[in-house]
Amino acid sequence: MKKDIFKIANKFLKSRLIVGTGKYKNLRETANAVKASGADIVTVAVRRVNILDKKKPLLMDYLNPKKIHYLPNTAGCYNSNEALRTLRLAREMGGWKMVKLEVLGDKKTLYPDMIETIKSTKILVKEGFKVLVYCTDDPLLAKKLEDLGASAIMPLASPIGSGLGIQNKMNISLIIKQTKVPVIIDAGIGTASDATIAMEMGCDGVLVNSAIANAKKPIIMANAFKNAVVSGRLSFLAERMEKKYFATASSPKKGII
Amino acid sequence: MAKIQLNGKKIIINQKVSLFDLLKKHKLDKKKVAVELNGKIIPKQLLKKKMILDKDKIEIVHFIGGG
């Protein structure tokens, strides 16, 4: 079998699982979960420093950005200007060019605002960013993002933090079939089998945060996801058997007594 | 004295203080933060040169856990 290579914007990656670093009890748990997940990319948020509390522990003290790739995210941004500001600050912080763009449109569903997302993608690509774009599962809009130069298309499985898994398999399949850059399922994954399903369908990767952080035992769940993504990918590469309407016996008829 | 806004909070600082001095005062490593002065990102190498003036609005950000 040919070596299975996973590459985003010329960056070779060992794991097809990307994990978020939000919602954990503390930074130690975050670091342990990331380690158990085997991910080599983590998403991070850009926020104000707490100037009143000088002793507050820093994410960078627990997750070394030299060892694990930080993917700055624009979570919490509701328009293009906020998202651009956030990512430009992120680039200044550590020279990160590979970023995750997420422009939200509605506080209740956290559904992406695709008009603002498209606008931002255009500008970021021009500024030399490698943009991984969180988007709706609309194949037309996904194509538009790819044409604009997105480095990865990241459709939602279901709303952020909902844990409902892939709700519209047909749309995700259409996006997988038409897209040449990596397709990474982002948002809505609830448990390890959801990640396996996404990978079996042919997604290039999966991004998970809540499903790990909100599990009762996050470190064990991180390990479950690591294996789920590997299983799903292997299953996809193995090309599953054909589905049939009726049974087919597993044992030969010849020699029946 | 200069009245400035730092991360949304109004504070008073001495005059002739650079952005770099401000980071030092708050025990912040310049490698781990990014600084915005009146809406403009200030590259790390210019932090020592940029003196803080009255009514400046400064934002210092860093990375935290997120999805």
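Within this structure, A:ILE212 fails the test of being assigned to a strand (DSSP E or B) and either among the polar types (S, T, N, Q) or open to solvent by less than 30 Å² (accessible area, probe 1.4 Å) (or both). Taking segment A:43-79 as the range and being within 7 Å of another protein chain (Cβ to nearest Cβ), open to solvent by 50 Å² or more (accessible area, probe 1.4 Å) and within 21 Å of A:ALA187 (Cβ to Cβ) as the test, only A:ARG47 passes.
Going through A:ALA142, A:ALA150 one at a time, which residue ends up being more than 14 Å from chain B (Cβ to nearest Cβ), more than 14 Å from the chain's Cα centre (by Cα), outside any helix (DSSP H, G or I) and free of Cβ contacts under 8 Å to residues at least 60 places away in the same chain? First the steps, then the outcome.
On the way: A:ALA142 fails: outside any helix (DSSP H, G or I).
Criteria check complete, one pass: A:ALA150.
A:LYS119 meets the stated requirement of being part of a helix (DSSP H, G or I), free of Cβ contacts under 8 Å to residues at least 60 places away in the same chain and open to solvent by 20 Å² or more (accessible area, probe 1.4 Å).
Across segment B:9-35, the qualifying residues are those that are closer than 20 Å to A:ALA90 by Cβ and crowded, with 18+ Cβ neighbours inside 10 Å, and the one among them that is farthest from the other protein chains (Cβ to nearest Cβ) is B:LEU19. Confirm whether B:VAL61 is within 7 Å of another protein chain (Cβ to nearest Cβ), modelled with pLDDT of 90 or more and touching a Ser or Thr at 6+ places or on another chain (Cβ under 9 Å). Answer is yes for this residue.
For A:ILE184, the stated conditions do not hold, so it cannot be described as in contact (Cβ under 8 Å) with a residue 24 or more places away in the chain and in a helix (DSSP H, G or I). Scanning segment B:37-60 for residues being among the aliphatic types (A, V, I, L, M), closer than 19 Å to B:ILE13 by Cβ and assigned to a strand (DSSP E or B) gives a total of 5. Give A:ALA198, A:ALA192, A:ALA249, A:ALA238 a once-over and let me know the one that is among the hydrophobic types (A, V, I, L, M, F, W, C), open to solvent by 10 Å² or more (accessible area, probe 1.4 Å) and within 14 Å of the chain's Cα centre (by Cα). The match here is A:ALA192.
Taken as a whole, the condition of being away from every other protein chain (no Cβ under 14 Å), of a type in the set (A, V, I, L, M, F, W, C) and over 16 Å from the mean Cα position of the chain (by Cα) does not apply to A:ILE166. Checking A:THR196 against (1) part of a loop (DSSP other than H, G, I, E, B); (2) under 19 Å from A:LEU13 (Cβ atoms); (3) out of contact with any strand residue (DSSP E or B) (no Cβ under 8 Å at 6 or more places or on another chain), only one condition comes out false. Which one? Here A:THR196 meets the rest and fails (1).
When only residues in segment B:42-58 that are within 12 Å of chain A (Cβ to nearest Cβ) and within 10 Å of the chain's Cα centre (by Cα) count, which is nearest to A:ILE51 (Cα to Cα)? If you could, list the steps in order and put the result at the bottom.
Of the residues in segment B:42-58, the ones within 12 Å of chain A (Cβ to nearest Cβ) are B:42-47, B:58.
Then drop every residue that is not within 10 Å of the chain's Cα centre (by Cα), which leaves B:42, B:47, B:58.
On the way: B:ILE42: 18, B:LEU47: 18, B:ILE58: 12 Å.
Per the stated criteria, the residue is B:ILE58.
Go through A:GLU82, A:GLU92, A:GLU102 for me and flag whichever is within 8 Å of chain B (Cβ to nearest Cβ) and either modelled with pLDDT of 90 or more or surrounded by fewer than 18 Cβ atoms within 10 Å (Cβ to Cβ) (or both). Result of the check over A:GLU82, A:GLU92, A:GLU102: A:GLU92. What are the residue pairs meeting all of these: first residue in segment A:203-232, first residue at pLDDT 95 or above, second residue part of a loop (DSSP other than H, G, I, E, B) and aromatic (Phe, Trp, Tyr), Cβ atoms under 9 Å, and 6 or more apart or on different chains? Pairs that qualify, where the first residue is at pLDDT 95 or above and the partner is part of a loop (DSSP other than H, G, I, E, B) and aromatic (Phe, Trp, Tyr), are A:ILE212/A:TYR24; A:ALA213/A:TYR24; A:PRO218/A:TYR24. Taken as a whole, the condition of being facing chain A (nearest Cβ under 8 Å) and either free of Cβ contacts under 8 Å to residues at least 40 places away in the same chain or surrounded by 14 or more Cβ atoms within 10 Å (Cβ to Cβ) (or both) does not apply to B:GLY39.
The values are calculated or read from the model by the stated rules, or taken from the named source; none is laboratory data. Because the structure is a prediction, the values reported are computed rather than measured. Using ideal geometry, Cβ is built from the backbone for each residue, glycine included, and neighbour counts are taken over all protein chains shown. Heavy atoms of the whole protein, side chains included, go into the accessibility calculation; ligands, DNA and RNA do not. Shrake-Rupley method; radii C 1.70, N 1.55, O 1.52, S 1.80 Å.
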